[in-house]
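For reference, the structure is listed below as C-alpha cells.
Each reported figure results from applying straightforward, stated rules to the coordinates on display, with no laboratory input. These numbers were taken from a predicted model, which means no experiment stands behind them. So basically every Cβ, Gly included, is an ideal-geometry build from the backbone, and we count neighbours across all protein chains shown.
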Amino acid sequence: MGKVLGEVKKDYGKLKLYINGEFIDSKTDTIGKAYNPAKDEIIAEVPFSAKDEVEEAIQSAQEAFEKWREVPITTRIQYLFALKNRLEEYSETIARIIVQNHGKTIQEARGDMRRTIENVEAAISAAYTLYKGEHLDQVSQEVDETVVREPLGVFGIITPFNFPTMVPFWFLPYAIVLGNTVVVKPSEITPVPMDFIIRIFDEIKLPRGVVNVVHGAKDVVDEFLTNKLVQGVTFVGSTRVGKYIYENAGKNGKKAIVQAGAKNFVVVMPDADLNKAIPSIVSAFFGNAGQRCLAAANLVAVGNIYDEVKRKFIEASKQLKIGYGLDESVDMGPVVTKDAKKRIIGYIEKGIEEGAKLLLDGRDVKVPEYPNGYFLGPTVFDEVTPEMVIAKEEIFGPVASIIHVKNLDEAINIINRSNYGNASSIFTTSGYYARKFRREVNTGNIGINIGVAAPMAFFPFGGRKESFFGILHGQIDSVDFFTDKKVVITRW
Ligand code: NAD
C-alpha cells in the first residue's frame with residue numbers, strides 16, 4: 001500500500017447556500033445526499049433550494065452587478081489574484097475533498113485543482129488585454145469608431161459531477177473579472193468541493209452578491225432559464241440535458257454555452273511507437289474511471305498493429321491498482337454513484353448480448369478494504385463494430401471497445417459518423433497521417449500522440465455535433481460570452 005492521506009472531515013453536514021455574502025440555512029424540505037463513493041457513506045446533506053431562495057440569489061447578483069460593474073478593472077483583477085492565492089493555499093485540502101466526494105485519485109484531483117487555478121490566471125490575463133481597445137480614427141471624414149465591451153449582468157453556471165471545481169472555473173473567473181455576477185449551481189452529486197470554495201470568496205471579501213451558490217437540480221436550472229434578470233447560462237453535462245437547456249435558453253432569449261456528452265476515439269496507426277502510446281492510451285480510457293468528457297471510449301487499431309495493441313493494452317490495463325483515491329498508490333477509483341455502476345454494468349451486459357468479445361471483465365473487481373465502494377475494474381471488449389450500442393452511446397465508465405479497421409480513411413469515416421464530436425486522438429510517427437487526421441476528423445479537440453486532448457485554460461475548449469451547442473466555447477472563449485460589444489461612432 002502507498003501513502004494514505006487523511007480525510008478532511010468525515011461529514012460535512014447540511015450544506016449552506018451562499019447568497020449576498022451570507023451563509024444561509026435553506027428552508028427546503030427536499031434534501032439530497034452526497035456520498036463518498038469508495039465507502040458508500042453519506043458525507044453531506046444537499047438542500048435543493050426553494051424557488052424563492054434561487055430568486056433571492058439572482059436578485060442579490062443583480063443588485064451586486066450595479067455596483068460591481070463600476071469597480072475599476074484593476075481592482076477586480078486584485079480580487080482574482082487573492083482568489084488564486086487562496087486556491088493555491090487550500091489546493092491540497094480541496095483535492096482531498098474532491099477525492100472523497102467524487103472518487104477519483106488524489107493525483108487526478110490535484111490535476112483538477114491545477115486546471116481550476118489556471119483558469120483564474122487566464123481570466124486575469126484576459127482582463128488585462130481585453131480592453132486594449134478596438135478603435136479606428138477617421139473611418140470617414142471626421143468620424144471615429146470605437147468598440148466598447150460591457151458586462152451584461154447575472155449569469156447562471158450549471159455544472160456536472162465529474163469536475164466539481166474545474167468546470168465552474170471554466171466560466172466563473174472570466175464572468176466576474178469582466179464585471180458580471182453569477183449564481184452557481186454545483187452538481188447535486190458532488191457539491192462538497194464547491195461548498196469549501198465558498199469560504200474563500202468570503203475570506204477575500206469579494207463584494208456581497210458577486211458570487212452566489214445555490215443547490216439543487218432541474219428546478220434551479222428552470223429558474224435560471226426563465227428569470228428575467230438572468231442574461232445567460234453556461235452548462236456542462238450530458239447531451240440530453242444540454243439540448244433542453246439550449247432550447248429553453250433560446251426560447252427565453254438568453255445566451256448559452258452548452259458543452260455536452262461525448263464518445264471519443266483513439267486511433268493507433270501501424271507505425272505508432274507503442275512504448276510511448278500504451279501508457280497514454282490506458283490513462284485516456286481509465287483515468288477518472290472513464291468519467292470525463294475527454295475520456296477515450298473506442299480504440300481503433302489500424303491494419304497489422306491490431307494484435308500487438310490489443311495484447312499490450314490488456315496487459316497494461318490489468319496492472320492498474322483499484323482502490324480509494326486517497327491512497328497515493330491507487331490508479332483508479334470507484335465510479336461516482338451506485339446508479340452509475342448499475343448503468344455501466346448494463347452496458348457491459350449489452351455488449352455481451354450484441355456479440356462483442358469480452359477480453360477483460362471489470363465487473364467482479366474486489367477492493368477488500370472498501371467492500372461497499374462502487375468499484376469497477378477496467379473492462380475491454382474486442383470485435384466491436386461501429387453499429388453496436390457500446391460503440392455509439394456514452395457509457396461514462398471504464399469500458400473500452402476495440403474496433404479493427406483496414407486503414408486511416410476507414411477510421412476517420414467511423415469517427416465522423418458518430419453523433420458526438422468532442423475529441424479524438426491519433427498515435428502515429430507519420431507527419432502525413434497526423435496532418436490528414438487533424439484536417440479530416442470532425443471533432444472539437446484533437447490529440448496527436450496525446451490520449452486526452454484537454455486544452456489549456458488560455459485556449460477554448462472545443463466540441464462539435466452533439467457534444468456542443470452554441471458558438472462560443474468555455475475557458476478563454478468565454479470572455480466574448482461575458483461581454484457585449486457596443487459600437488460608438490463619433491463625429492467631432
Ligand atoms: P447531467 O447532464 O446529468 O447533469 C449536469 C447538470 O445538469 C447538473 O448540474 C444537474 O443538476 C443538471 N440537470 C440534471 N438533469 C436536469 C434536467 N432534467 N433539467 C435541467 N438540469 C438538469 O451530467 P452529469 O452526469 O453530471 O455529467 C456527465 C456528463 O457531462 C457526461 O455526458 C459528460 O460527457 C459531460 N461533460 C461534458 C464536458 C464537455 O466539456 N463537453 C465536460 C465534462 C462533462
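Counting only Cβ charges, +1 for Lys and Arg and -1 for Asp and Glu, the dipole size of the chain around its Cα centre is about 440 debye. If you line up the long axis of helix 274-286 against the longest principal axis of the chain, both from Cα atoms, how many degrees apart are they, to the nearest 10? Around 60 degrees separate the two axes. Peptides 67-75, 370-378, 99-107 ordered by packing proxy, namely the average of other Cβ atoms within 10 Å per residue, highest first: 99-107, 370-378, 67-75.
Residues whose amide H falls under 5 Å from that of VAL267, counting only those 5 or more places apart or on a different chain, are VAL300, SER425, ILE426, PHE427, with hydrogens built in the peptide plane. Between ASP484 and LYS33, the simple spin-label model (points 7 angstrom out along Cα→Cβ) gives 4.6 nm. Within region 264-455, antiparallel bridges make up roughly 10 percent of the DSSP beta bridges whose residues both belong there.
Taking Lys and Arg as +1 and Asp and Glu as -1, the other residues whose beta-carbon sits under 11 Å from that of VAL143 total -3. Counted by neighbouring Cβ atoms within 10 Å, the residues VAL236, VAL488 run from fewest to most as VAL488, VAL236. Annotation for GLN141 and LYS3: the two label points, set 7 Å from Cα along the Cα-Cβ direction, are 7.6 nm apart. Phi-derived couplings, Karplus 6.51 cos²θ - 1.76 cosθ + 1.60 at θ = phi - 60°, listed residue by residue for region 92-107: 5, 4, 5, 4, 5, 5, 4, 4, 4, 8, 9, x, 5, 7, 4, 5 Hz, with x used for Gly and Pro. Antiparallel beta bridges, as assigned by DSSP with both residues in the chain, represent about 45 percent of the total such bridges.
The long axis of helix 306-318 is offset from the longest Cα principal axis of the chain by roughly 70 degrees. Shape class for the chain: oblate, because the ratio a/c of the largest to smallest gyration tensor axis (alpha-carbon atoms, square roots of eigenvalues) is 1.5 or more and b/c is at least a/b. In this structure the amide hydrogen of ARG149, modeled in the peptide plane, comes within under 5 Å of the amide hydrogens of LYS486, none closer than 5 places in sequence on its chain.
Under 17 Å Cα-Cα from LYS218, which aspartates and glutamates qualify once same-chain neighbours fewer than 8 residues away are excluded? Hits, sequence-local ones excluded: ASP29, ASP52, GLU53, GLU55, GLU188, GLU247. Paramagnetic label reach from ILE448 (point 7 Å along Cα→Cβ; backbone nitrogen cut-off under 11 Å): within region 299-315, no residues. Proximity of backbone amide H atoms, modeled 1.01 Å from N, is registered between TYR35 and ILE43 at under 5 Å, excluding neighbours fewer than 5 places apart on the same chain.
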